[in-house]
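Asks: What follows is a single structure, and I will ask about it in a moment.
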Amino acid sequence: MSNASTLIELSDINSLQDDQNRLHKYLKSRLHSAKEQLTEKFNSGVSADTLVHQNAEMIDALLIQTWQIFFKQYQNQIALVAVGGYGRGELHPGSDIDLAILVTSDASACFPLIEQFITLLWDIGLEVGNTVRTIEQCIEAAQNNITVATNLMEARLLSGNEALFDEMKSATSPENIWPVNEFFEAKWKEQIARHHKYNDTAYNLEPNIKEGPGGLRDIQMIGWVAKRHFGATTLHDLVKHGFLNEKEFNELNEGQNFLWRIRYGLHVITNRREDRLLFDHQRTLAKMFGFKDDKHNLSVEIFMKQYYRAIMGLNRLNEMLLQLFEEAILLTADNEQTITINSRFQVRRGFIEISSENVFKKYPFALLEIFLILQQHQEIKGVRATTIRAIRDHRYLIDEKFRSDLRCRSLFMEIIRQPAGITNELRRMNQYGILAAYLPIFGHIVGQMQHDLFHVYTVDEHTLFVVRNLRRFAIPEYSHELPMCSELYEKLPKTEILYMAGLFHDIAKGRGGDHSELGAVDAYDFCRHHGMSEYDADLVAWLVRNHLLLSQTSQKEDISDPEVIKRFSSKINSLTHLHYLYLLTVADIRATNPSLWNSWKAALLVELYSSCASFLQHGSTLADKLDERILQKQQQATRQLKTNGVSESDITQLWQNLDEDYFSQYSSSDIIWHTETLLAHKPDTSPLIAIRTSRERGGTEIFVHTPDAHHLFAGITYTLARFGLDVVGARIYTSNTGDTFDSYNVLEENGNAIDDPQRVEAIRMALQQQIIDGELRPGDISRQTPRQLKYFHIPTEVNFRKDAHEQTVMEVITTDKPGLLSRIAMALAECHVTLRNARVTTFGERVEDTFLITDNHDQTIDDPQKLNQLREKIIGFLENK
């Protein structure tokens, strides 16, 4: 207790035992002083490994001496026991102090004192978790709950009846409850379930360093099993039992110390228990730990890359050790018969292993061959732990000579071309460090994060998710998810082209420069080096170079404009290129962020794909002749309307005030809906608000028909924002009679269409009332800004350009926030600018909105002074409100 005695001085405590108020103040003051000393030590560079033990010792001293005051005369009937992490002697600043109070059956006189004791601990600022149980109650609770059994397994006597403590330890030992095999199976299932909560990846944007895969809980899991099976008291005991070598133990120990440092820092900066590495904490810790920005990466990105790489290493060790435990604990009675695969590999107990210790040294190419065998033999459960260790230990063999070996190049391409197991084996190769060794440029993106809300995974994890998504297009069980993608996949001449593009599309992230261009060069060189034809290598490079083209065009440009389609199609050049690019784009978006994919984006991609495919098949006749396209739409709409019982005279009368702008920007389906809705509307003074789920564009479409007014767009967008709706697109048209034919595409915050009829009606009534009132009184939108957005700020930029038709296009780049579009709308209204079309694109915290604007006379805006006035007004509305 030497360290504890220097932290907390309690020599006067016995003199205060009869004065609870003075005792409370005394302990609280001493505790506060000790905690400050620990924090000073941490800030001065003392390791967390040292401090978590000193903290536990300090709490030991406080509890034991306080306990003596309350229970000195009851020591034979009661025992104070530290359990859980505190039982291991490890205590972070904000961690719970888990206590078990053991009592004999005749200790009822102690209960009032126990209550006073625990209350005092809470009052002086200790976060105490406690139970009061007899031996029999401990046995029953442990039998029914593996967590209780685990906590008691780590029990440590602090004060009281030692015989009572020993009896509890014996009664809850593996000889009496939870034998080793059952304990191991239960804890393994517990870990699997816990990992599922974090999407089975350690690479989450704001990871939980304790509970997430590769986190501290996984290290504790190893310790628990070792303690239950061997009676191990330290992780180093695993070396004595042959489960770890010294190098692996050091990696495990260093990983734990690194995570302890982060966790200790989290508790210090938040002044509470906090295991989530949130954005603001990441920045604070990066600065605290001395990380600096470099040429291409922020300090926080460098810090998090180190974190993710440490987690990956711990994940590898966890997998290997659990495999070894399974073999030692669960499979000891299994038949040891082996099945020979070839001279290098065999299968034992369902797991592949090397046939001798020198296989990889004698046949280095076997470091790739093992993954191909796993693809070709789906019945194999996995890799034996000893072989995982051998793979890790022989990674040094993968050098330039290895990469140039025809056998190795052929094996890698065979892995990519296999009809099954591509995702699993690329993931396994990444986990064992083989993928980074064979493809060093992939090694640069391992653990590489981007400090934003758009990319929720590290670059390597995202890349493997892309490959997984591509692979799912080929699996019949998943064809219902994206039928069009499954159909297009069947048309591909060579699927390996798609997988190679997926593997390389982001491989140059974090290097500076255009990652698409740099990655295209890397992809071409690798493909040619691996025997792909020049045409195929060119196609892979083209896909990498243009992997953002389809998504950016669909979301940021007016894809109903023939000029946009013509320009886009000229870059695609062939249906084959289009098929590959479409599939890569869908897989990429869906692997970037689980909340990114929605019906709106899906519909935009399909529309752009269809328009481009039509152009490539039929040439310019469909795209260039606007009058023919309009006539075709009108004829289609007229036929359907007449079939639906609408007279041609009613159609003609309604359409006579609509010009080509209306018919060019709306589809025949839209025109039919508008026409039927307007003809069914009673000719009164109330505005017409029609709402439907849009099959063409995804999400929910809101049609507004009313006399045009100055603040109409601002009022509508403000009202929609109040309902928590995201406006993802708007088309604004005013007829010759001054009536609006405006359409808004909206999504719920979860990315779905509105599906509640009562909510639809409430929105319709609110929009009607806003238009009738005609006044614009928007204050702050009541929607709370999401927590994560508060940590990012993108200075507002407003840029202007001319499109292919010499119309004025305004682009606004800014930080996302509730009610953003309504604020822009207010700025437009105050500057007497009219909106004709809007595309709203959000990339995490970054918004890139595109607006087609005119002056109030429907003319392009060329006056630099007026444009600058508009720019300043928008920046003012977005930055200052």
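The values are calculated or read from the model by the stated rules, or taken from the named source; none is laboratory data. These figures come from a predicted structure and were not determined experimentally. No Cβ is skipped: glycine too gets one built from the backbone with ideal geometry, and neighbour counts run over all protein chains shown. Quick note on the areas: whole protein, heavy atoms, side chains included, nothing else; ligands and nucleic acids left out. Shrake-Rupley method; radii C 1.70, N 1.55, O 1.52, S 1.80 Å.
Asks: Mind checking whether some residue in segment 37-47 is of a type in the set (Val, Ile, Thr) and buried (at least 20 other Cβ atoms within 10 Å of the Cβ)?
Replies: So the first thing to find is which residues in segment 37-47 are of a type in the set (Val, Ile, Thr), and the list is 39, 46.
This time we only want the ones that are buried (at least 20 other Cβ atoms within 10 Å of the Cβ), so: none.
Checked against the condition, which is being of a type in the set (Val, Ile, Thr) and buried (at least 20 other Cβ atoms within 10 Å of the Cβ), segment 37-47 yields no hits at all.
Asks: Just for helices (runs of 4 or more DSSP H) wholly inside segment 120-224: which have at least 2 residues that are hydroxyl-bearing (Ser, Thr, Tyr) and over 30 Å from Arg468 (Cβ atoms)?
Replies: On the way: elements: 135-144, 146-153, 162-171, 180-197.
Where helices (runs of 4 or more DSSP H) fall fully within segment 120-224 and carry at least 2 residues being hydroxyl-bearing (Ser, Thr, Tyr) and over 30 Å from Arg468 (Cβ atoms), they are 146-153.
Asks: Another one. Output yes when any residue across segment 622-641 is open to solvent by less than 30 Å² (accessible area, probe 1.4 Å), touching a residue at least 40 places away in the same chain (Cβ under 8 Å) and under 30 Å from Ala474 (Cα atoms), and no when none is.
Replies: No, that holds for no residue.
Asks: OK, next. What number of residues within segment 507-562 are surrounded by fewer than 17 Cβ atoms within 10 Å (Cβ to Cβ), charged (D, E, K, R) and assigned to a loop (DSSP other than H, G, I, E, B)?
Replies: Of the residues in segment 507-562, 1 are surrounded by fewer than 17 Cβ atoms within 10 Å (Cβ to Cβ), charged (D, E, K, R) and assigned to a loop (DSSP other than H, G, I, E, B).
Asks: Also, quick follow-up: Quick check: is even one residue across segment 70-82 open to solvent by 50 Å² or more (accessible area, probe 1.4 Å) and part of a loop (DSSP other than H, G, I, E, B)?
Replies: Taking segment 70-82 and keeping what is open to solvent by 50 Å² or more (accessible area, probe 1.4 Å), we get 72-73, 76.
Cutting the leftovers down to part of a loop (DSSP other than H, G, I, E, B) gives us 76.
Within segment 70-82, one or more residues are open to solvent by 50 Å² or more (accessible area, probe 1.4 Å) and part of a loop (DSSP other than H, G, I, E, B).
Asks: Ok, one more. Name the one entry in Leu51, Leu27 that is closer than 17 Å to Asp123 by Cβ and either open to solvent by less than 60 Å² (accessible area, probe 1.4 Å) or at pLDDT below 90 (or both). Give the derivation first.
Replies: Working: Leu51 fails: closer than 17 Å to Asp123 by Cβ.
Unique residue meeting the criteria: Leu27.
Asks: If a residue has to be open to solvent by 20 Å² or more (accessible area, probe 1.4 Å) and at pLDDT 90 or above to count, how many in segment 568-584 make the cut?
Replies: Of the residues in segment 568-584, the ones open to solvent by 20 Å² or more (accessible area, probe 1.4 Å) are 570-571, 573-577, 579.
Filter again for at pLDDT 90 or above, leaving 570-571, 574-577, 579.
Residues meeting the conditions: 7.
Asks: Could you tell me which of the residues Gln375, Gln346, Gln418 is surrounded by 15 or more Cβ atoms within 10 Å (Cβ to Cβ), closer than 29 Å to His229 by Cβ and at pLDDT 95 or above?
Replies: On the way: Gln375 fails: closer than 29 Å to His229 by Cβ; Gln418 fails: closer than 29 Å to His229 by Cβ.
That would be Gln346, the only listed residue that is surrounded by 15 or more Cβ atoms within 10 Å (Cβ to Cβ), closer than 29 Å to His229 by Cβ and at pLDDT 95 or above.
Asks: Okay, moving on. It is to be established whether one or more residues within segment 124-136 are closer than 23 Å to Thr233 by Cα, of a type in the set (Asp, Glu) and surrounded by fewer than 18 Cβ atoms within 10 Å (Cβ to Cβ).
Replies: Looking through segment 124-136, none of the residues is closer than 23 Å to Thr233 by Cα, of a type in the set (Asp, Glu) and surrounded by fewer than 18 Cβ atoms within 10 Å (Cβ to Cβ).
Asks: What's the number of the only condition in (1) at pLDDT below 95; (2) open to solvent by 20 Å² or more (accessible area, probe 1.4 Å) that Thr495 fails to meet?
Replies: Here Thr495 meets the rest and fails (1).
Asks: A further question follows. Among the residues of segment 696-708 satisfying the criterion of being among the charged types (D, E, K, R) and closer than 19 Å to Val840 by Cα, which is modelled with the highest pLDDT?
Replies: Looking only at segment 696-708, we keep the residues that are among the charged types (D, E, K, R), and these are 696-697, 701, 708.
From what's left, closer than 19 Å to Val840 by Cα: 696-697, 701.
Values: Glu696: 67, Arg697: 70, Glu701: 94.
Taking the candidates together, the pick is Glu701.
Asks: Now for a separate question. Within segment 824-881, which residues are among the aromatic types (Phe, Trp, Tyr) and surrounded by 20 or more Cβ atoms within 10 Å (Cβ to Cβ)? Spell out the reasoning first.
Replies: Pass one, segment 824-881, residues among the aromatic types (Phe, Trp, Tyr): 843, 851, 877.
The answer is Phe851, and nothing else.
Asks: Still on this structure, I have one more. Return a yes/no flag: does segment 474-494 have any residue that is closer than 21 Å to Glu400 by Cα and part of a loop (DSSP other than H, G, I, E, B). Give the steps one after another, and end with the answer.
Replies: Pass one, segment 474-494, residues closer than 21 Å to Glu400 by Cα: none.
Checked segment 474-494: no residue is closer than 21 Å to Glu400 by Cα and part of a loop (DSSP other than H, G, I, E, B).
Asks: A further question on this structure: Would you say Lys601 is among the basic types (Lys, Arg), open to solvent by less than 30 Å² (accessible area, probe 1.4 Å) and either at pLDDT 90 or above or within 30 Å of Asn750 (Cα to Cα) (or both)?
Replies: Working: among the basic types (Lys, Arg): yes; open to solvent by less than 30 Å² (accessible area, probe 1.4 Å): yes; either at pLDDT 90 or above or within 30 Å of Asn750 (Cα to Cα) (or both): yes.
So Lys601 passes the test.
Asks: Return the only residue of Leu322, Leu367 being within 30 Å of Asp237 (Cβ to Cβ), open to solvent by less than 30 Å² (accessible area, probe 1.4 Å) and either outside any loop (DSSP other than H, G, I, E, B) or not aromatic (Phe, Trp, Tyr) (or both).
Replies: Working: Leu367 fails: within 30 Å of Asp237 (Cβ to Cβ).
Sole residue among the options that is within 30 Å of Asp237 (Cβ to Cβ), open to solvent by less than 30 Å² (accessible area, probe 1.4 Å) and either outside any loop (DSSP other than H, G, I, E, B) or not aromatic (Phe, Trp, Tyr) (or both): Leu322.
Asks: Sort out for me the helices (runs of 4 or more DSSP H) sitting completely within segment 388-463 that have 1 or more residues that are aromatic (Phe, Trp, Tyr).
Replies: Working: elements: 400-404, 406-417, 422-431, 434-438, 440-445.
Answer list for segment 388-463: 400-404, 406-417, 434-438, 440-445.
Asks: In segment 737-759, is there at least one residue being touching a residue at least 24 places away in the same chain (Cβ under 8 Å), over 34 Å from the mean Cα position of the chain (by Cα), in a loop (DSSP other than H, G, I, E, B) and surrounded by fewer than 19 Cβ atoms within 10 Å (Cβ to Cβ)?
Replies: For segment 737-759, residues touching a residue at least 24 places away in the same chain (Cβ under 8 Å), over 34 Å from the mean Cα position of the chain (by Cα), in a loop (DSSP other than H, G, I, E, B) and surrounded by fewer than 19 Cβ atoms within 10 Å (Cβ to Cβ): present.
Asks: Would you mind stating whether Gly724 is part of a strand (DSSP E or B), open to solvent by less than 10 Å² (accessible area, probe 1.4 Å) and among the small types (Gly, Ala, Ser)? Show your work before the answer.
Replies: On the way: part of a strand (DSSP E or B): no; open to solvent by less than 10 Å² (accessible area, probe 1.4 Å): yes; among the small types (Gly, Ala, Ser): yes.
It is false that Gly724 is part of a strand (DSSP E or B), open to solvent by less than 10 Å² (accessible area, probe 1.4 Å) and among the small types (Gly, Ala, Ser).
Asks: Also, quick follow-up: Looking at Lys295, Lys287, Lys361, Lys305, which one is within 20 Å of Arg427 (Cβ to Cβ) and not hydrophobic (A, V, I, L, M, F, W, C)? Before the answer, list the steps.
Replies: Values: Lys295 fails: within 20 Å of Arg427 (Cβ to Cβ); Lys287 fails: within 20 Å of Arg427 (Cβ to Cβ); Lys361 fails: within 20 Å of Arg427 (Cβ to Cβ).
Going through Lys295, Lys287, Lys361, Lys305 in turn, just one is within 20 Å of Arg427 (Cβ to Cβ) and not hydrophobic (A, V, I, L, M, F, W, C): Lys305.
Asks: (1) under 16 Å from Glu481 (Cα atoms); (2) in contact with a helix residue (DSSP H, G or I) (Cβ under 6 Å, 6 or more places away or on another chain); (3) not polar (S, T, N, Q): which one isn't true of Ile559, the others all being true?
Replies: So Ile559 meets the others, but not (1).
Asks: Further question: Output the residues belonging to segment 281-300 that are within 23 Å of the chain's Cα centre (by Cα) and modelled with pLDDT of 90 or more. Let's see the steps before the verdict.
Replies: Filtering segment 281-300 for residues within 23 Å of the chain's Cα centre (by Cα) gives 281-286, 296-300.
His281, Gln282, Arg283, Thr284, Leu285, Ala286, Ser299, Val300 - these are the residues of segment 281-300 that are within 23 Å of the chain's Cα centre (by Cα) and modelled with pLDDT of 90 or more.
Asks: To continue, here is another question. State yes or no: is Ile565 touching a Phe, Trp or Tyr at 6+ places or on another chain (Cβ under 7 Å), at pLDDT below 90 and either open to solvent by less than 20 Å² (accessible area, probe 1.4 Å) or assigned to a helix (DSSP H, G or I) (or both)?
Replies: On the way: touching a Phe, Trp or Tyr at 6+ places or on another chain (Cβ under 7 Å): yes; at pLDDT below 90: no; either open to solvent by less than 20 Å² (accessible area, probe 1.4 Å) or assigned to a helix (DSSP H, G or I) (or both): yes.
Taking the combined requirement at face value, the residue does not satisfy it.
Listed here are the residues, each with its yes/no results for (1) surrounded by 16 or more Cβ atoms within 10 Å (Cβ to Cβ); (2) on the phi > 0 side of the Ramachandran plot; (3) within 41 Å of the chain's Cα centre (by Cα).
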{"residue": "Gln653", "(1), (2), (3)": "no, no, no"}
{"residue": "Phe663", "(1), (2), (3)": "yes, no, no"}
{"residue": "Asp670", "(1), (2), (3)": "yes, no, yes"}
{"residue": "Ala680", "(1), (2), (3)": "no, no, no"}
{"residue": "Pro687", "(1), (2), (3)": "yes, no, no"}
{"residue": "Arg692", "(1), (2), (3)": "no, no, yes"}
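Asks: Could you tell me which residue of segment 251-302 is most open to solvent (accessible area, probe 1.4 Å), considering only residues that are under 25 Å from Gly510 (Cβ atoms), among the basic types (Lys, Arg) and outside any helix (DSSP H, G or I)? Don't jump to the end; show me each part of the working.
Replies: At the first step, the residues of segment 251-302 found to be under 25 Å from Gly510 (Cβ atoms) are 251, 254-255, 258-259, 261-262, 265, 276-302.
Checking which are among the basic types (Lys, Arg) leaves us with 261, 276, 283, 287, 292, 295.
Still in the list and also outside any helix (DSSP H, G or I): 276, 292, 295.
Details: Arg276: 105, Lys292: 153, Lys295: 180 Å².
Ranking the qualifying residues of segment 251-302, first place goes to Lys295.
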